[in-house]
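Any read-out appearing in this document is the output of simple, stated calculations on the displayed coordinates, not a laboratory observation. None of the values given here were measured: they were computed from a predicted structure. Cβ sites come from the backbone with ideal geometry, for glycine too, and all protein chains shown count toward neighbours.
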Amino acid sequence: MSEGLTKDNKAEVESKVRAVLRSEPRLGTTFHLKALMIEPDGSVILEGDVPSIAAKKLALEKVASIPELTGIVDRLHVERATPMGDDEIRVHVRDAMIEEPAFERLEIRELVGEQSQLMRGAPQGERGNIDIEVRDGIVTLNGSIPGLTSKRLAGVMAWWVPGVRDVVNGLEVDPPEEDNPDMIEEAVRVALEKDPLVNASQLRVGVRKTWVRLTGAVTAKAESEAAERDAWCVFGVDNVLNEIKVMP
């Protein structure tokens, strides 16, 4: 929209945004935006707290379907599952990265204030680094990591910390890899295998474009919910169809 939006156009687009958000059941009846702004270039700024990462992704997908919009500035954050300060979140994320065998050849650093601190130097044959920053419950991961699956695993592990409101996964993949549904499927499988709450051997994963389908059988609803959440946490997943059967 090179000519921009008029005042009337903005009002019309804003109404469409509010309507599609109201139509998303995962947001719940109490959801409200803290801020919604339509920019002259046709982009929209969304700010608010959502109940889950699934609700966040589905809301963004619905807003993105509005043809008049040229882009989304995403400031939707997940409500904290557990009250937790930034320092505590950073410790949990850092320790998880240090303990993960897939990251044993990576340097782990964290940003405290404006100071970058090396928390674990990599052994000989170092293959990259993960830099961790936490501000207001939002975890930002930067650095260089070998493989898209490892990048996605790092993001999932950050989401697993219950005080986290959002994860900005800025890790670069070196050497670069071309993304595709098979790569997403691999990352979802790895996340399920790493999750102690899930018996991944009982589950099957299918991926079409950026949509994930989970099937199989578990013994408790909580396990099905954990598996679904793991899939939602994977970078690049836009929707999850949970067809896992609960068979106590």
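As a ratio to 2.2 N^0.38 Å, the alpha-carbon radius of gyration for the chain is 1.08.
Just in the range 108-170: which GluC sites (Glu not before Pro) are loop by DSSP and have at most 12 other Cβ atoms within 10 Å? Intermediate values should be presented prior to the final figure.
On the way: sites: Glu110, Glu114, Glu126, Glu133; in loops: Glu114, Glu126.
Those satisfying the criteria are Glu114, Glu126.
Considering the chain as a Gaussian network with a 10 Å cut-off on Cα pairs, which listed residue, Asn142, Asn180, Asn169, attains the greatest mean-square fluctuation? Fluctuation is largest for Asn180. Its alpha carbons give the range 86-173 an Rg and a Dmax of 11.6, 35 Å. In the range 128-196, Rg over Rh equals 0.97, where Rg is the alpha-carbon radius of gyration and Rh the Kirkwood radius from pairwise Cα distances. Using the alpha-carbon atoms, what tilt in degrees (0 to 90, nearest 10) does helix 181-194 show relative to the longest principal axis of the chain? With rounding to tens, the tilt is 60 degrees. Separation of the range 87-155 and the range 161-212, taken as the distance between their Cα centroids, equals 17 angstrom.
Put in line by how crowded their Cβ is, counting other Cβ atoms within 10 Å and starting with the fewest, Met37, Met183, Met97 read Met37, Met183, Met97. Using the alpha-carbon atoms, what tilt in degrees (0 to 90, nearest 10) does helix 7-22 show relative to the longest principal axis of the chain? That works out to roughly 50 degrees. Take every Cα pair under 8 Å in the chain that's 6+ residues apart, average their separations, divide by the length, and report that relative contact order as a whole percent. Averaging sequence separation for qualifying contacts and normalising by length gives 13 percent for the chain.
Summing Cβ point charges (Lys, Arg +1; Asp, Glu -1) relative to the Cα centre of the range 7-78 gives a dipole of roughly 280 debye. Within the straight-line cut-off of under 26 Å between alpha carbons, the lysines reachable from Lys209 are Lys56, Lys57, Lys62, Lys151, Lys194, Lys245, sequence neighbours fewer than 8 places apart in one chain being disregarded. Eigenvalues of the alpha-carbon gyration tensor of the range 64-130, scaled by 5 and square-rooted, set the equivalent ellipsoid semi-axes at 32, 18, 13 angstrom, largest first.
Protection proxy ranking for 226-236, 60-70, using the average of other Cβ atoms within 10 Å per residue and placing the highest first: 226-236, 60-70.
Would you mind computing Rg(Cα) / (2.2 N^0.38 Å) for the range 4-123, counting N as its residues? Numbers along the way, then the final one.
Values: Rg = 19.4 Å, N = 120, 2.2 N^0.38 = 13.6 Å.
The range 4-123 yields a ratio of 1.43.
Stokes-Einstein D for the range 166-245 at 4 °C, 1.567 mPa s, Kirkwood Rh over Cα pairs, in µm²/s? Once the numbers are plugged in, D ends up at 100 µm²/s.
Sequence-distant contacts, meaning Cα pairs under 8 Å at least 6 residues apart, place the relative contact order of the range 135-248 at 24 percent.
What percent do you get for the relative contact order of the range 181-246 when only Cα pairs under 8 Å and 6+ apart count? After rounding, I find 35 percent.
For the chain, the longest principal axis of the alpha carbon atoms and the long axis of helix 221-233 meet at an angle near 80°.
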